[in-house]
Amino acid sequence: MSDASSQERFETKAIHTGLNWREQTGAVIPPVFLTSTFEYGNAGGFDYTRSGNPNFRNLQEVLASLEGCAHACVFASGVSAITAIVSTLKYGDVVVLEENVYGCTYRLFARVFEKFGIKACYFDLTNTANYAKITELKPALVWIESPTNPLLKVLDIAAISEVAKSVNAPVVVDNTFASSYLQRPVELGATLSLLSTTKYSNGHSDALGGAVCTNSDEWQEKMIFAQKALGLQPSPFDTWLTTRGIKTEAIRMERHNANALALAERLENKPGIRWVRYPFLASHPQHELAKKQMRGGSGLITADLGLSLEQTMAFMEKSRYFTKAESLGGIESLICHPATMTHASVPREVRESVGITDGVVRFSVGIEHVEDLWTDIEAAMGD
Ligand SMILES: *Cc1c(COP(=O)(O)O)cnc(C)c1O
C-alpha cells in the first residue's frame, strides 16, 4: 500500500477498496461470481462458495477497511452473523447483554441458545453501576448495541470495553443503527463489531446481509469457520449488491443525519408529542456521549406521539412517504410500531418496562427532501 492509500478517507475507501478485475477484462466494477465451486488449486484460494467467493472477499475487504479493522466476515443476514458469534460459546457460558437489545437477538438467546445451556443476563448498561455485573459474572461475551433499538439509548463503548477487558470478556457491539460511517466500535475498544448490512451498509432495501468485523485473527478464523460449517454464507449476488450500495454510504449517511436531526427538532417542538429521542438532540440523556463516539446522529428517531393505539395506527396509515414496514437504513423513509412489529416477540411486561408503550413509533428517516417529509408528518397528524 502506498502512503496515499493508507491515508484514504472513508468516501474514497468505500469506492476503491477491493478486488481489481480491470487487468483481465477492463471492467470497472467486478462481476457477480455465480459459481458454486472453483477449480482445485486456483490462485485465489477459493474452493466452494459456502466457504468463500470473490464477491464475499471483496465486500469483506471493504467492510474491514471502513470499520478500521483487520478483518470482516460476511453472512446471509444480521441474524446469521449473530448466530455465528453465539455458536462459538459452550454449555454453561454466561452472556451479559444490554436490556434494550434488538428483538431478534433477544429471541435467539431465549428460544434457541438457552436450550444449549447458554445463559443470557440483561442489564441496563447506560447505568454505570451495572458495569459491576460484568466483573462479577465474568461472562463469555458482553453484548451491546448503540444506539439501541428502538429507544436509541447510547452506550459508552470505550468504557464498557475497558471494564470487560479487566475480566477478559470479549465485547460485541451491534453497530447496525450507527453504521460504519458514524461509529467504529473496534477503534473504541470492542472485540467485534456486528452489522446487519441489510440496513445502512447496503442502504437500498434490496438485499439481506450481515458481517462481523474484528482485529483478532482468532475471531476471524472462528467466523470463517461458522460461515462454512453452519452454512451461514450470503449469496454472491447479495454481496455484490451490498458492495455497490456501500460505495455511497458516506453521502447517504450525511443526508440521513441532516434530515433526521431536522425532523427530530420539529417534532420535539410540536404540541402534544410526549417525548422525542434522537442522539444528536440536546435533550437526549446521553447526548454528550453520542457526540463523542458518533460523528452524526444517524437516521432513526423514536417518539411517543401521545396517541392511543388506534390513533397511532391511523397516523401510520395516513402517512404517504413513511411506509409502514419493519427494517431501516434504506434511502426510503419507513415507520414502524415497535410494540406490535419489531418487539412483538418480547413479552409485554419486558417491553413496557423498558419504555416501549403503545404510542411509541420509530421513524427510519430516508433521504427524500426534508420539507416533503415534514409536510407528510404534519398531514398525517391531522394539522
Ligand atoms: C436488522 C437488525 C439485525 C438483524 O439483521 P437481519 O439482516 O435482518 O438479519 C440485527 N441487529 C439490528 C440492530 C438490526 O437492526
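Taking the Cα centre of the chain as origin and charging only Cβ (+1 Lys, Arg; -1 Asp, Glu), how large is the dipole, in debye to the nearest 20?
480 debye
For the residues Phe322, Phe280, what sequence is obtained by ranking on other C-beta atoms within 10 Å, fewest first?
The most exposed by this proxy come first: Phe280, Phe322.
Among Pro147, Pro185, Pro285, whose mean-square fluctuation peaks in a Gaussian network model of the chain (Cα, cutoff 10 Å)?
The residue that fluctuates most here is Pro285.
Provide Rg and Dmax in Å for the stretch 21-74, with only Cα atoms included in the calculation.
Values for the stretch 21-74 (Cα only, Rg and Dmax): 12.3, 33 Å.
Which order do Ile134, Ile118 fall in if you start with the one that has the fewest other Cβ atoms within 10 Å?
Arranged by neighbour count, lowest to highest, Ile134, Ile118 become Ile118, Ile134.
Rounded if a/c is under 1.5, else prolate if a/b is larger than b/c, else oblate: which is the stretch 99-230, with a ≥ b ≥ c the root eigenvalues of its Cα gyration tensor?
rounded
Using θ = phi - 60° and the Karplus curve 6.51 cos²θ - 1.76 cosθ + 1.60, what whole-Hz ³J(HN,Hα) does each residue of the stretch 309-314 get, with Gly and Pro shown as x?
4, 5, 5, 5, 4, 5
With an 8 Å Cα cut-off and a minimum separation of 6 or more residues, compute the relative contact order for the stretch 249-380 in percent.
In percent, rounded to a whole number, it is 28.
How long are the three semi-axes of the equivalent ellipsoid of the stretch 26-159, in whole Å, if each is the root of 5 times an eigenvalue of the C-alpha gyration tensor, listed from largest down?
For the stretch 26-159, the semi-axes come out at 35, 18, 13 Å.
Using a 10 angstrom cutoff on alpha carbons, build the Gaussian network for the chain and name the most mobile of Thr12, Thr342, Thr214.
Thr12
What number, rounded to the nearest 500 deg cm²/dmol, is the helix-based mean residue ellipticity at 222 nm of the chain, given -39500 (n - 2.57) per DSSP H run of at least four residues and division by all its residues?
It comes out at -10500 deg cm²/dmol, rounded to the nearest 500.
With N denoting the number of residues in the chain, provide Rg(C-alpha) divided by 2.2 N^0.38 Å, to two decimal places.
Dividing the Cα radius of gyration by 2.2 N^0.38 Å gives 0.98.
So for Asp206, Asp238, fewest C-beta neighbours within 10 Å to most, what's the order?
Going from least to most buried by this count: Asp206, Asp238.
Under a plain spin-label model, where a point goes 7 Å from the Cα along Cα-to-Cβ, how far apart in nm are Ala262 and Asn130?
Spacing of the two 7 Å Cα→Cβ label points: 3.6 nm.
Which residue, Ala229, Gly297, Leu281, has the largest displacement toward the positive end of the dipole of the stretch 221-317 when charges sit on each Cβ (Lys, Arg +1; Asp, Glu -1)?
Ala229
Along the principal axes of its C-alpha atoms, what lengths does the stretch 249-380 span, in descending order and rounded to whole Å?
36, 32, 29
Taking springs between alpha-carbon atoms closer than 10 angstrom, which of Gly329, Gly210, Gly103 fluctuates most in the Gaussian network model of the chain?
The residue with the greatest mean-square fluctuation here is Gly103.
We did not get these values from a lab; they are worked out from the coordinates using the rules stated. Values in this document were obtained by computation on a predicted structure and should not be read as measured data. Heads up, the Cβs are rebuilt from the backbone with ideal geometry, glycines too, and the neighbour counts pull from every protein chain shown.
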